[in-house]
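The values are calculated or read from the model by the stated rules, or taken from the named source; none is laboratory data. What you see is a predicted model; the values in this text were computed from it and never measured. Please note: Cβ atoms are built from the backbone with ideal geometry, for glycine as well, and neighbour counts cover all protein chains shown.
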Amino acid sequence: MPKKTKHWQWLSMPKVTHLRWMMASMCVLLALPTRAQYDAAFNHYWNLQTFYNPAASGLKGQLDVQAGYAMQMMGYTHAPATMIITADIPLWMIGPAHGLGAGFVNDKIGLFEHKRFFIQYAYHQKLWGGRLSAGVRAGLLAESFDGTGLDLIDSNDQAFPTSEVNGTAFDLDAGLRYDGKSWYAGFSVMHTLAPLVTLGDNKANEYEVPQTFYLTGGYNIRLKNPLLSMQTSAIVRTDLQNWRGDVTARLCYNGPKGKLYLGAGYSPTVSASLLIGGDFHGIQLGYCYECYTSGIGALQGTHEISIGYTTDLDLFKKGRNRHQSVRIL
């Protein structure tokens, strides 16, 4: 019964020619510094807040589109590769207290491929000098397992499909968040219904997606130089069996023509990372290299790219976003 519960299960395995060898290889790869969880961990989590907590939808008061791509454990065959795209916007026709978002995730891990489509809604209420937000997200999980990549001794073993099998399931997430003047904190639960995904028509292979809990937070530190600030953030995720925590600090330059940042992150017992990026006229670009602190070499880390675009797009106020033809200027 194949389970996509460990990201290292199919690394360094171009063809499985012997079942015992496959199991032995899996045991060796268990020593890699990756925590076994269903959702991929992005180092740019602070830039993908609407994904980790639907309550963040519409908080910026602008159209906000974010994308990320991570290539993990470079140098290993069938290593994980994950792409994510999110977009959110306030619902101005109702009021800025309402936010709407949508997104897509494609996660390729060895012979497994995980796709997720979702829409989300958030409500924001002023409270205690800050803002309290609550959000909910509905989505569709689409899973596939490519059994053609297996070459087993016993081809009739029902535990291993020999063709590509697919399955879908409904998914539901929820979250809460509070934003103060210079800090925020949030709590969210992904896969609240613990959806059961069945692969193939014969229903011989299935697995349950575990609930995952997230704690997020951040604090912006003002420095003496008004153009500089220190932005700190943290995230802890767990499915009550495994966990991962990340702490990140970024020194930010807020200049008149653009914004730049240089930062570092640390995940206890897992990795250390370096980040660099900036914001130019609403376009955000970022890069991160994650170096694992144990298990594999420093050169077999993760390359991660973040791209975003933020703009005012209020279609429901008179005079906003009005454009004239160049012929009549």
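Pairs linking a residue in region 244-259 that is in contact (Cβ under 8 Å) with a residue 40 or more places away in the chain to a residue that is of a type in the set (D, E, K, R), with Cβ atoms under 6 Å and 6 or more positions apart or on different chains, are ARG244/ARG35; ARG244/ARG237. If you go through region 169-178 and keep only what is surrounded by fewer than 20 Cβ atoms within 10 Å (Cβ to Cβ) and either in contact with a Ser or Thr (Cβ under 9 Å, 6 or more places away or on another chain) or part of a loop (DSSP other than H, G, I, E, B) (or both), you end up with ALA169, LEU172, ALA174, LEU176, TYR178.
For region 75-86, the set of residues classified as assigned to a strand (DSSP E or B), among the hydrophobic types (A, V, I, L, M, F, W, C) and closer than 21 Å to ASP146 by Cβ consists of ALA81, MET83, listed by residue number. For region 223-240, state whether one or more residues are surrounded by fewer than 17 Cβ atoms within 10 Å (Cβ to Cβ) and under 30 Å from GLU164 (Cα atoms). No: region 223-240 contains no residue that is surrounded by fewer than 17 Cβ atoms within 10 Å (Cβ to Cβ) and under 30 Å from GLU164 (Cα atoms).
Inclusion of GLY265 among residues that are among the small types (Gly, Ala, Ser), under 18 Å from ARG237 (Cβ atoms) and either modelled with pLDDT of 95 or more or not in a strand (DSSP E or B) (or both) is warranted. Quick check: anything in region 292-305 buried (at least 17 other Cβ atoms within 10 Å of the Cβ) and under 21 Å from ALA87 (Cα atoms)? Yes, region 292-305 has at least one match.
Residue pairs whose Cβ atoms lie under 7 Å apart, separated by 6 or more positions or on different chains, with the first residue in region 160-183 and more than 19 Å from ALA142 (Cα to Cα) and hydroxyl-bearing (Ser, Thr, Tyr) and the second at pLDDT 95 or above and crowded, with 19+ Cβ neighbours inside 10 Å, are TYR178/TYR184.
Restricted to region 180-225, the set of strands (runs of 3 or more DSSP E) holding at least 1 residues that are among the acidic types (Asp, Glu) comprises 205-208.
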